[in-house]
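Right, one structure below, let's go through it.
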Amino acid sequence: MADIKADDEERMEFQLTLRRRGISDQAVLRAMDAVPREHFVTADFAESAYADQALPIACGQTISQPYVVAYMTEQLEVRPEHKVLEVGTGSGYQAAILSQLAREVISIERYRTLADAARDRLKTLGYANVTVRTGDGMAGAADEAPFDRIIITAAAEDVPEALLDQLAEEGKMVLPLGPRGGTQHIVKLTKTADGLLRQHLIAVRFVPLLHGQAREL
């Protein structure tokens, strides 16, 4: 083991941490291993890319800690034939993970700066089944609906109705739900012919989900 490079050791510890914390879906673990997280953080935090913590990115946003990314992805239950909507592209890391599991990923980001950078990054890294849009994530992408799976990576106080409308029957949505500055939980929704099934999962803390496209200088 002495000849293993430091970055290989970090990647091994990264995987071990996810497994220790209960991530067991092998497809999710493979996706987390395949995506080079160091390309999705700023240069100032490259040495911490595989630490199990959230890190700051541009526009006052964050890249979620790896465990939360893996946990939400596992709860989403993505299959290869699925079309997935992501609200909150950020640096593009979650979209890259989803791209390993789904047929197609549409990702919406309200900050044009982040959307443009993520689009270029994902293209450079070869994630050809991801489309990044700039816009109001709470409005979704009606022209691409229905979606088999929807994931929201910012905390909503209520489930956005427009996104529920765009979720296919028997589709699943995973999102952090709760007030800004208050207690938030990951919630998993399953849309059935008889209504919504709701599961409250782990406590989390996310940046708030906001209406509209952001104004940038």
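Every read-out reported here was derived from the displayed coordinates using simple, explicitly stated rules and does not represent laboratory data. These numbers were taken from a predicted model, which means no experiment stands behind them. Please note: Cβ atoms are built from the backbone with ideal geometry, for glycine as well, and neighbour counts cover all protein chains shown.
Condition check: surrounded by 23 or more Cβ atoms within 10 Å (Cβ to Cβ), over 24 Å from residue 161 (Cβ atoms), touching a residue at least 24 places away in the same chain (Cβ under 8 Å) and polar (S, T, N, Q). Does residue 107 satisfy that?
Numbers: surrounded by 23 or more Cβ atoms within 10 Å (Cβ to Cβ): yes; over 24 Å from residue 161 (Cβ atoms): no; touching a residue at least 24 places away in the same chain (Cβ under 8 Å): yes; polar (S, T, N, Q): yes.
Against the criterion (surrounded by 23 or more Cβ atoms within 10 Å (Cβ to Cβ), over 24 Å from residue 161 (Cβ atoms), touching a residue at least 24 places away in the same chain (Cβ under 8 Å) and polar (S, T, N, Q)), residue 107 does not qualify.
Could you pull out the residue among 171, 182, 137 that is over 21 Å from residue 95 (Cβ atoms) and either among the small types (Gly, Ala, Ser) or surrounded by 19 or more Cβ atoms within 10 Å (Cβ to Cβ) (or both)?
Matching residue, one of 171, 182, 137: 182.
Looking only at the stretch 122-174, which residues are farther than 13 Å from residue 86 by Cα and of a type in the set (Asp, Glu)?
Once the filter is applied, which keeps residues that are farther than 13 Å from residue 86 by Cα and of a type in the set (Asp, Glu), the stretch 122-174 yields 143, 157, 158, 161, 165, 169, 170.
Evaluate the stretch 190-199: report whether one residue or more is within 12 Å of residue 85 (Cα to Cα) and either surrounded by 15 or more Cβ atoms within 10 Å (Cβ to Cβ) or in contact with a Pro (Cβ under 7 Å, 6 or more places away or on another chain) (or both).
No.
Looking at (1) surrounded by 16 or more Cβ atoms within 10 Å (Cβ to Cβ); (2) part of a helix (DSSP H, G or I); (3) among the hydrophobic types (A, V, I, L, M, F, W, C), can you tell me which one residue 164 breaks?
(1)
Counting just the residues of the stretch 37-51 that are more than 15 Å from the chain's Cα centre (by Cα) and assigned to a loop (DSSP other than H, G, I, E, B), which one comes out surrounded by the fewest Cβ atoms within 10 Å (Cβ to Cβ)?
Restricting to residues being more than 15 Å from the chain's Cα centre (by Cα) and assigned to a loop (DSSP other than H, G, I, E, B), the top hit is 42.
List pairs: first residue in the stretch 58-80 and closer than 19 Å to residue 34 by Cα, second residue hydroxyl-bearing (Ser, Thr, Tyr) and buried (at least 23 other Cβ atoms within 10 Å of the Cβ) anywhere in the structure, Cβ distance under 6 angstrom, at least six positions apart or on different chains.
From residues that are closer than 19 Å to residue 34 by Cα, the pairs are 63/91; 63/93.
So which residues in the stretch 142-161 are assigned to a loop (DSSP other than H, G, I, E, B), touching a helix residue (DSSP H, G or I) at 6+ places or on another chain (Cβ under 9 Å) and either of a type in the set (Lys, Arg) or surrounded by fewer than 16 Cβ atoms within 10 Å (Cβ to Cβ) (or both), if there are any at all?
Here is the first cut: in the stretch 142-161, the ones assigned to a loop (DSSP other than H, G, I, E, B) are 145-146, 153-154, 157-160.
Filter again for touching a helix residue (DSSP H, G or I) at 6+ places or on another chain (Cβ under 9 Å), leaving 145-146, 153-154, 160.
Listed by number, the list holds a single entry, 146.
Filter the stretch 52-90 for residues that are under 25 Å from residue 26 (Cβ atoms) and of a type in the set (S, T, N, Q); which is farthest from the chain's Cα centre (by Cα)?
Among those that are under 25 Å from residue 26 (Cβ atoms) and of a type in the set (S, T, N, Q), it is 53.
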